[in-house]
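Below: the structure, in structure tokens.
The values are calculated or read from the model by the stated rules, or taken from the named source; none is laboratory data. Computed from a prediction, not measured in an experiment: that's the story for all the values here. With ideal geometry, Cβ positions are generated from the backbone for all residues, glycine too; neighbour counts draw on all protein chains shown.
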Amino acid sequence: MIRLSVKYISALYFPLVLFFCVSFTNAENPAEVTVKKFCEFALVFIHLFITAVYFFELPRFLKVIAAGVTLHFIYLMFTSYWEYGTFFIYPHVFNKVLVPLGICCAFIIAHIKRSFNIETVIKWIYALLVLKVAVLFLTGSRDAFRWGSDFRIINSMEAGLLLIPFIHYMLLFVSGKEKSFVKILFPLAFIFIAQHRTVWIATSLALVIIMLKYPRVMGKFALASIVTAYLGLVFFQGFFSTQFLTEVSSQIDDIKNFNTQGTGSWRMEQNQFFLTRIYEKPVLGWGLQAFELGDVMEVEGWEEKGTHIHSAYIDHAYYFGLYGLVLLYLGFAVLLKKLFKTNDAGLVFCIFAACMFSFGTSYLIPSHAYFFCGWGLSYFYSLSPGTRVSPIKQLQHSLQKGEVISG
């Protein structure tokens, strides 16, 4: 019965993760916020349930993540009761501490549901993002289609999804398995139009890694791309407005001067503020107090409590210390180690893991990243029955035995 439940959950898991990561409006829509909250708590339940059922079959490092997160959760729960008189004073903080379980859960589901196909997943990504663009256009949200750092057609988390098709088709192209360059240009153009500089940098990092993996092929490809891009700008610059070219130049300049220009200046100010607090409690962080103390930056629409930190490193270290930060990135680090040891299907996810180390400097790690990390790890590690059986499975075996006796 429990195994059957897991199979049903597995079929719904990826669509649920993807839907949670894509917002169909760029404004705070009450109905959409409610649905997102439902998805968030549904994912928390799935992560806890599936990880508990298969805990003893996980590889050792995933057991470390699962056990470490569970112990931290219990610690926060009793801290909440001791200091506030209730076990779950700030649910958002408890959800935040549980996010690494997404890697364990995705790893298990990838082994159970062997029908996962990257081409199908890419179609899901394209379908939802194109649907979002259509919804924005039809509902009159035309500002999203203007060029400029204040106008984004998709958010950074959604733009991060496009790294998967870009890396996948780039690897197929350089290995000679894909002749068409159009499949690479589509996600690349979408990433460019999305105007998220952090995703631009992550894409560039992926390209550099692929060049290092395939130096002979990529050398010619890089030269051809530079020449083509230059000739394109020369011959077609008349089609672009002066404002467009100025905005592109401005955003590139913001990347080069990230600590003084654009959003980088206030992010640096925010990071420096929270670093001083991290140094005070470096091991376990501030926990529930972090939410209580609020943010140094004034964010419109946010309450006094809570934080709006634009860095996964700072955010997790502030809330949960080095302990929490290690648990957050351990799965990505293990996958990254496989980067130069494989040329198989798992390579897509190894490169994606490297990109998440870059992405985390400016944003929190999106939920879909844990899914892709767990899926990637399933190419290198197996789900093996351990010497011990989980309590849930013991109960299941007892029930089965009882049914046989009663029959």
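In table form, for the structure just shown:
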| quantity | calculated |
| --- | --- |
| Residue that is surrounded by the most Cβ atoms within 10 Å (Cβ to Cβ), among those in the stretch 96-118 that are under 24 Å from TYR75 (Cβ atoms) and either out of contact with any Ser or Thr (no Cβ under 6 Å at 6 or more places or on another chain) or without any contact (Cβ under 8 Å) to a residue 40 or more places away in the chain (or both) | ILE103 |
| Hits in the stretch 314-343 - residues which are farther than 15 Å from ALA369 by Cα, surrounded by fewer than 19 Cβ atoms within 10 Å (Cβ to Cβ) and either under 15 Å from the mean Cα position of the chain (by Cα) or modelled with pLDDT under 90 (or both) | LEU339, PHE340, LYS341, THR342, ASN343 |
| Hey, PHE78 among the aromatic types (Phe, Trp, Tyr), in contact with a Lys or Arg (Cβ under 9 Å, 6 or more places away or on another chain) and in a helix (DSSP H, G or I) or not | no |
| Scan of the stretch 191-202 for residues that are touching a Leu at 6+ places or on another chain (Cβ under 9 Å) and either at pLDDT 85 or above or not in a helix (DSSP H, G or I) (or both), ordered by number | ILE191, VAL199, ALA202 |
| Count - residues of the stretch 158-190 that are closer than 18 Å to SER358 by Cα, in contact with a Phe, Trp or Tyr (Cβ under 7 Å, 6 or more places away or on another chain) and either part of a helix (DSSP H, G or I) or of a type in the set (Ser, Thr, Tyr) (or both) | 5 |
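Every residue, every condition in (1) outside any helix (DSSP H, G or I); (2) within 18 Å of PHE291 (Cα to Cα); (3) in contact (Cβ under 8 Å) with a residue 40 or more places away in the chain, yes or no:
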site	(1), (2), (3)
ILE46	no, no, yes
THR51	no, no, yes
ILE89	yes, yes, yes
HIS92	no, yes, yes
